[in-house]
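Working notes, structure below.
The values are calculated or read from the model by the stated rules, or taken from the named source; none is laboratory data. No experiment lies behind these values; they were computed from the predicted model shown. Positions of Cβ are backbone-derived with ideal geometry, glycine not excepted, and every protein chain shown enters the neighbour counts.
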Amino acid sequence: MYRFIDNPELRKEKRLIWASTRSVLENIGFLRNKNGKKSKSHWSLFVRLLKIFVWILKLTGHYQKGYGNAKTINITNIELQYPTLPQAFDGFKILHLSDLHIDSIPGFASILIEKISKLSFDICFLTGDYRKDNSGSIASILKPFRILSKYIQSPYGTFAVLGNHDTFLMAQYEKQSGLELLINESVEISKDNDKILVTGTDDPFSFYTEQALLSLETRCYDFKIALVHTSELAKIASANNYNLYLCGHTHGGQICLKNGIALISHQFEGKQFNKGKWKIGNMKGYTSRGVGVSGIPVRFNCPAEIALITLKKST
């Protein structure tokens, strides 16, 4: 059904180099995106402002409503048409999950499973951020994630990339979770006699490296899908003739005004990448509003979503 483009020995060597690099970045707190080193002071200020905002919500009686909103997950059905889609993949269904933050709300895995268990899909993609915090132990997510993984196994594989809240240690639990991590790697998906390529990169928001860019320099496929935690590498993917780019990170804003405008999105590529469908050249993209919540467990005017994407061949 699928095979990694690199041979096992080369994959192992690349993983060791990646793990060594990212472990150092995580341990020293060196946050870096493609535009340079990031400031820690801005994040500290944001955390303080969040605490004030929570106090205001509780004082005005809006906190419980927002908490209830956060536990309500919508199913978003999307159809994307492509003239270059191989015929065997006409009608191919993708389950796209992003920003689970599965330990942010008690029992959240059960809520998610109840939604997913009713869906039918051919392949599953997860685009990062699986825990609440961006440092410390991952023990709190291992059990709920292991339970969830049973419900997202699919005929053509279940693939995941890491986000800025994740750690290199998650690579140790691939077999237990039933996921295949794509860390600056590509896999070939075969159906009947046709093939497509799926490339996943490491998180470019906090742990950017040149290897993420290099992993998108792929050829020889009529249809290619890029999985990245953020929209930051979209222009690079488009220049390398990718057809579909899936990402998350923004939560769609999580807390929005009534017209859907996000108060904060934590991305700087342009507001068109905040949520939903967008396009660069011939490449179509989709930014998920996310399944879970970050910072505080509330949502306003921006429901959580599970995206079910159907690929269609157009004439």
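Might you check whether a residue that is assigned to a helix (DSSP H, G or I) and under 28 Å from T21 (Cβ atoms) occurs anywhere in region 246-257? Scanning region 246-257, I find at least one residue that is assigned to a helix (DSSP H, G or I) and under 28 Å from T21 (Cβ atoms), so the answer is yes. Among all positions in region 160-180, there is no residue which is β-branched (V, I, T), touching a Ser or Thr at 6+ places or on another chain (Cβ under 9 Å), surrounded by fewer than 24 Cβ atoms within 10 Å (Cβ to Cβ) and assigned to a strand (DSSP E or B). If you check D203 against the conditions, is it loosely packed, with under 15 Cβ neighbours inside 10 Å and either touching a residue at least 40 places away in the same chain (Cβ under 8 Å) or among the hydroxyl-bearing types (S, T, Y) (or both)? Taking the combined requirement at face value, the residue does not satisfy it.
When V291 is tested against (1) surrounded by fewer than 23 Cβ atoms within 10 Å (Cβ to Cβ); (2) over 26 Å from R219 (Cα atoms); (3) of a type in the set (A, V, I, L, M), exactly one condition is not met: (1). Can you confirm whether Y242 is of a type in the set (F, W, Y) and part of a helix (DSSP H, G or I)? Criteria not met by Y242. May I ask you to list the residues in region 49-101 that are small (G, A, S), farther than 22 Å from L244 by Cα and either buried (at least 16 other Cβ atoms within 10 Å of the Cβ) or at pLDDT below 90 (or both)? Residues satisfying the conditions are G61, G66, A70. Being in contact with a Ser or Thr (Cβ under 9 Å, 6 or more places away or on another chain), over 19 Å from R22 (Cα atoms) and surrounded by fewer than 24 Cβ atoms within 10 Å (Cβ to Cβ) is a description that does not apply to S231.
The number of residues in region 208-228 being on the phi > 0 side of the Ramachandran plot and surrounded by 23 or more Cβ atoms within 10 Å (Cβ to Cβ) comes to 0. For N282, the criteria (1) over 18 Å from the mean Cα position of the chain (by Cα); (2) under 23 Å from K115 (Cβ atoms) hold in every case but one, which is (2). Within region 270-315, the set of residues being in a loop (DSSP other than H, G, I, E, B) and hydrophobic (A, V, I, L, M, F, W, C) comprises V291, V293, I296, V298, C302. Residues in region 222-235 that are in contact with an Asp or Glu (Cβ under 8 Å, 6 or more places away or on another chain) and among the aromatic types (F, W, Y): there are none. Does region 258-269 include one or more residues that are part of a helix (DSSP H, G or I), out of contact with any helix residue (DSSP H, G or I) (no Cβ under 9 Å at 6 or more places or on another chain) and either surrounded by 22 or more Cβ atoms within 10 Å (Cβ to Cβ) or at pLDDT below 95 (or both)? No: region 258-269 contains no residue that is part of a helix (DSSP H, G or I), out of contact with any helix residue (DSSP H, G or I) (no Cβ under 9 Å at 6 or more places or on another chain) and either surrounded by 22 or more Cβ atoms within 10 Å (Cβ to Cβ) or at pLDDT below 95 (or both). Which of the residues that make up region 214-253 are over 15 Å from N164 (Cβ atoms), at pLDDT below 95 and within 17 Å of the chain's Cα centre (by Cα)? Across region 214-253, the qualifying residues are G252, G253.
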